[in-house]
Each structure stands twice: as C-alpha cells, then as structure tokens.
Amino acid sequence: MAPNVYLGLDSSTQGLAAVLIRVDAGRAEVLWQHDLEFDRACPEFGTIHGVLASTDRHVKVSNPRMWVQALDQMLTTLGQSGVDLSSLRAISGSAQQHGSVYLDDRSELSRPVAPIWMDSSTSEECAEITQALGGSAVLAQRTGSRAFERFTGPQIRKFSKLEPAAYGNTSRIHLVSSYLASQLIDGDAPLEPGDASGMNLMDLKTRDWWPAAVAATAPGLASRLPRIVPSHSVIGTLAPRWQARLSCPPARVIAWTGDNSSSVIGTGLVEEGRVAVSLGTSDTIFSLMHEPRVDTGGAGYVFGAPTGDYMGITVFKNGSLARERVRDAYGLDWDGFSVALRSTPPGNHGRLMFPWFEPEITPHVPGADVRRVDLDPGDMPGNVRAVVEGQMMALANYSQWMGVHAQVIHATGGAAINRDILQVMADVFDAEVAQFEVGNAACLGAALRAWHGDALAAGTPVSWADVTRDLATPTSVGRITPGREAARVYAQLRRRYAEASVQFLRGTHDDD
Ligand code: ADP
Ligand code: XUL
C-alpha cells in the first residue's frame, strides 16, 4: 500500500502550528512541521500573546479573522514548502477550548471579537445558570463541570444579556475548533464531544445538548448551536480552493477537537493510569477515564476524549505567561532562567510563591494577586525557583482527585522543552517525566486523529495503540528521573503549600 500523508493543525492562544506525518505500512514519521505566532505573523490585529488589549483585566477576547488569516498563511506556506501532498488523505485539527465565534445567516461575524478561555468576566452568569439548574453538583454531574467563567455557556449568556440585538442577529455559535474546521470545508462544521464538553451545555452521558442547560443559558440558543457528532467523524472534504493551494486531492476533514483532548492522543494517553502535563499558555494535567468520575471538590472536571472515553483535567491560567513574567522581571532569557533554577536547592529554603499574576482558575482567585512567603521580590534565583515549584506543587495537589499515581508523566507544551523545569516536575511528583519528539502534542494528536478517522472511514480501522505507537509513546531518550532526597523535601513542602494557599484564599495569611 502506498504511504499516506496526514495533516494536523493546532490553533492555540498564541499561535498556529502544523505537523504533517507520513504513514507507511502502519509506521508513522514526521514529514514537515511549522509554527507561526499570531502577534508576529498577523501584526495588523494588534494582539499581545494572541489576545486583544482590554481595560478590564477579566475580559479576554481575540479576533476570529486573525485565526482565519493565520490558517490561510499556514496553508500557503505548506503549499510552497515543496512537500509532495499528492497522497494527503485527511486533515484534522485542535484549538484552544471554550472560545466562541458568533456568525450571522451569511456566515459573517455578528460579533467582531471572540471571548477566549482566559476570560473571567462571567461570574454573574455562572451563578444564574447554576441556580437555574439546581446547583453546582447537578451541573457537574450532568455536564462534567461546575460553571466556569471561561466556559462557553456563561459566555453566551453574557453576550445575549449585554448585546441582545447582536445576539438576535446570530444564527450560529461555533467553538474555535468548529469555526476553523468550517473554513477547511467551506461549510458549517459540527462539534464533537471533546470540545463540546467545555461549554456547560452538553450532557456528558448522551454526548448531546442537555436541553435544560440550553434553555437556562440564553433564549433561542438550541437553533444556534452546531450538531455534535462522534470525534472520529468525517465532516466533509477539503474545499477546492485549498486543494488548489496545496496541489492535493479532496482530502477528508475529520472533526476538530479541543487542544487538551487532542493532546490525549498526542501524548499517548490511550489507556487508563497514564498522566500528561501540558506546559503551554495554560498549564494542564489530565488523564484518560473509561467512566466519568467528577471532582466533588470542584478543582477538576471531565471532558469527552477522542477515543470515545472521558478525560479528567485540572487547568491553571498562570502557566507559561507567569513563568515569562518572572523571567522578564529579572531580564533573563530561558538559559538564564535555567541557571537560576540549577543554582537553588529543591525546597528553595522554604521560600514560596503563589503565582497569581492573572485571576486564577485553580484555585479560584478572582483578582490578580501574587503572594510570596519568606521570599524577597529582589531575590532573583529564589523567585525563579519559587514560581516553578509553586506551579508544580499546585499541579500535584489539585490533581489528586483523579486518583492516578503514574510512574511516568508525559510532558508536552512549549515549556516541556526545558529540562530544568521538568526536573522540578519529576521531583515534586516523585515520578519520571518523559519528553516527546514532537513537542506540540495537540498538533500531533490532530495528525494522528486524521489518520485514525481516515482509516475508519476507509473500512480499514487502526487501533489507538497502533496510531500512537511511533510518535506518541515515551522512549528512553528524553526521560528525567526524580531525585530521592528532593522528592522527600517536596512531600513535606506540598502540605505546607496547600495550607498557605487555603489561608491566602480565606484572607488569614499575610504576605511577607
Ligand atoms: P499554547 O498553549 O499557545 O499552544 P505553547 O505550548 O506553544 O503554547 O507554549 C508557549 C510557551 O512556551 C511560551 O509562552 C513560552 O513561555 C514557553 N517556552 C518556550 N520555550 C521555553 C523554554 N525554553 N523554557 C520555558 N518555557 C518555554
Ligand atoms: C482548558 C483550558 C485551556 C485552553 C488552552 O479547559 O481552558 O487549557 O484549552 O488553550
């Protein structure tokens, strides 16, 4: 059988990535990869880290036209790359979750901006939806999550309340994933359960809209929502204008999903008991679940997974951008950041930081509020270690509800290239940490999902174990092992960190 080529795309907060893979006799290899950053590739939109400026720090929006322009640029670059695309069989993609795009009946934007996952301006709407549906526990049980400010339902409700005319003019509301998939097929793409579960609108068990939640969110919402189809669905073929651009056949387009659910495939979490940490714009920790287990503590939640299973996840807003804030405050580059990490001991002599540079999702911190314990802001190496240790301890503490004690953590996201940061992760979790050949697991997951969906549609299905074997399985190269003494230090410090965190949230702990 001739080799097949598959394209994966990932439209994240800060940029668009692409990876092309070739599959020959069941073996997969990377053919081509490319990344572009929105701020630099599309400067006319004036974003900073992919986000438009706002006077209200709770409001975080971006421009859907910028995402489409970046897609256009990416496909032009691929078309001009010289790579032979005559055997391109399928394309899939992933995108930042929760963000919503509002279209009128001519498929033009009825709202010029899209609220994105960093937005935390909908506390009122979360409370209204929660009350209408019988409380947080009911909502979490039914949809996998209590109401979160960034989730699409509360965002839609806010828009319908504040801009009723523009909402009235809206006939379709897409997620970022289905909006970009629509561009590829020149049509109206459906959603799939992985991304639709980040809306506070989908019934996790039936994998369809929950009518009560739809009714409680906004008037006339049902007709504005796309259909939800299984994740492996072929949603159309690549539109002729793109075929001409890429000199390729009418490749299948497989439903796009959210970046975290795509990363489940790209980090090879196709069995229970494996855990991945993504250090991207957000820091996330997730694992596959055959049956949904909802976190009654409210720190974590459950999404659909592309395998047809579920995934538990906990999300932190102050991820890479918080590390960058500390790096930049001392005029460092990443090498200097690493030197500072290596020059300080595990446990940092008890110096702690709670890196809430922006309102935090986990734990819920409504205002930006960086807290330090025994840590002088002028102490450069102490602050560098404190931000990373604080993030890793929070990842470990707030993921206990998943009940998974993995011996190897699969690391992905932009910061997973940094072995000094991963060493702190290994020590805090007392587990090995594995890097992957393809650093962007969401993008790789999209290419692998394209392969899986295409094979299924062609009547020659491949198992997830086979799909993930070559590119999404940790090898012995790129492993970081925990230090025994360091792990002992963190076992104690994690308790102190958790206690201080609770005191800060109650307002009973003073900064030093
Ligand atoms: P996204 O969530 O937008 O997909 P990425 O996974 O691409 O984000 O991660 C981007 C982030 O990776 C940047 O904001 C940067 O802080 C971080 N990063 C890149 N290189 C390094 C490095 N060497 N050390 C630590 N962090 C890094
Ligand atoms: C997930 C979340 C973030 C975004 C980042 O719930 O809010 O991880 O998906 O792109």
Condition broken by R57, with the remaining ones in (1) modelled with pLDDT of 95 or more; (2) under 24 Å from the mean Cα position of the chain (by Cα) satisfied: (1)
Yes/no for R449 being basic (K, R) and surrounded by fewer than 17 Cβ atoms within 10 Å (Cβ to Cβ): no
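Residues checked against (1) under 19 Å from the mean Cα position of the chain (by Cα); (2) within 16 Å of ligand 1 (Cβ to nearest atom); (3) in a loop (DSSP other than H, G, I, E, B):
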residue	(1), (2), (3)
Y6	no, no, no
V19	yes, yes, no
V23	no, no, no
A28	no, no, no
L78	no, no, no
S81	no, no, yes
D84	no, no, yes
S92	yes, no, no
R106	no, no, yes
Selection count, the stretch 306-338, where residues are of a type in the set (V, I, T), farther than 22 Å from Q503 by Cα and within 12 Å of ligand 1 (Cβ to nearest atom): 1
Given (1) away from ligand 1 (no atom under 16 Å from the Cβ); (2) in a strand (DSSP E or B); (3) more than 21 Å from S92 (Cβ to Cβ), index of the condition V214 fails: (2)
Selection from the stretch 121-145 of residues that are buried (at least 23 other Cβ atoms within 10 Å of the Cβ) and in a loop (DSSP other than H, G, I, E, B): T122, G144, S145
Boolean, R89 is surrounded by 15 or more Cβ atoms within 10 Å (Cβ to Cβ) and either without any contact (Cβ under 8 Å) to a residue 12 or more places away in the chain or under 28 Å from A458 (Cα atoms) (or both): yes
All positions within the stretch 419-442 that are assigned to a helix (DSSP H, G or I), among the charged types (D, E, K, R) and either away from ligand 1 (no atom under 12 Å from the Cβ) or in contact with a Gly (Cβ under 9 Å, 6 or more places away or on another chain) (or both): R419, D427
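Condition check ((1) within 25 Å of A244 (Cα to Cα); (2) in contact with a helix residue (DSSP H, G or I) (Cβ under 9 Å, 6 or more places away or on another chain)) across all residues:
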residue	(1), (2)
Y6	yes, yes
S11	yes, yes
G46	no, yes
H49	no, yes
Q69	yes, yes
G82	yes, no
H98	no, yes
L103	no, yes
Boolean, M74 is within 16 Å of ligand 1 (Cβ to nearest atom), in contact (Cβ under 8 Å) with a residue 60 or more places away in the chain and buried (at least 20 other Cβ atoms within 10 Å of the Cβ): yes
Residue that is among the hydrophobic types (A, V, I, L, M, F, W, C) and surrounded by fewer than 22 Cβ atoms within 10 Å (Cβ to Cβ), where the choices are V433, V428, V373: V373
Positions within the stretch 252-281 being part of a loop (DSSP other than H, G, I, E, B) and either among the β-branched types (V, I, T) or surrounded by fewer than 24 Cβ atoms within 10 Å (Cβ to Cβ) (or both), in sequence order: T267, V270, E271, E272, G273, R274, T281
Flag if G26 is of a type in the set (G, A, S), crowded, with 17+ Cβ neighbours inside 10 Å and on the phi > 0 side of the Ramachandran plot: no
So A416, is it of a type in the set (A, V, I, L, M, F, W, C), within 11 Å of ligand 1 (Cβ to nearest atom) and buried (at least 24 other Cβ atoms within 10 Å of the Cβ): yes
Those residues of the stretch 243-284 which are more than 14 Å from ligand 1 (Cβ to nearest atom), of a type outside the set (G, A, S) and within 20 Å of the chain's Cα centre (by Cα), in sequence order: I254, W256, T257, V264, I265, L269, V270, E271, E272, R274, V275
Residue within the stretch 291-305 that is more than 16 Å from ligand 2 (Cβ to nearest atom) and either surrounded by 20 or more Cβ atoms within 10 Å (Cβ to Cβ) or at positive phi (or both) present: no
Exclusive hit being among the basic types (K, R), more than 26 Å from V270 (Cβ to Cβ), without any contact (Cβ under 8 Å) to a residue 60 or more places away in the chain and within 16 Å of ligand 1 (Cβ to nearest atom), set R351, R385: R385
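The values are calculated or read from the model by the stated rules, or taken from the named source; none is laboratory data. Keep in mind that what you see is a predicted model, and the values were worked out from it rather than measured. Glycine gets a Cβ as well: all are built from the backbone with ideal geometry, and neighbour counts include every protein chain shown.
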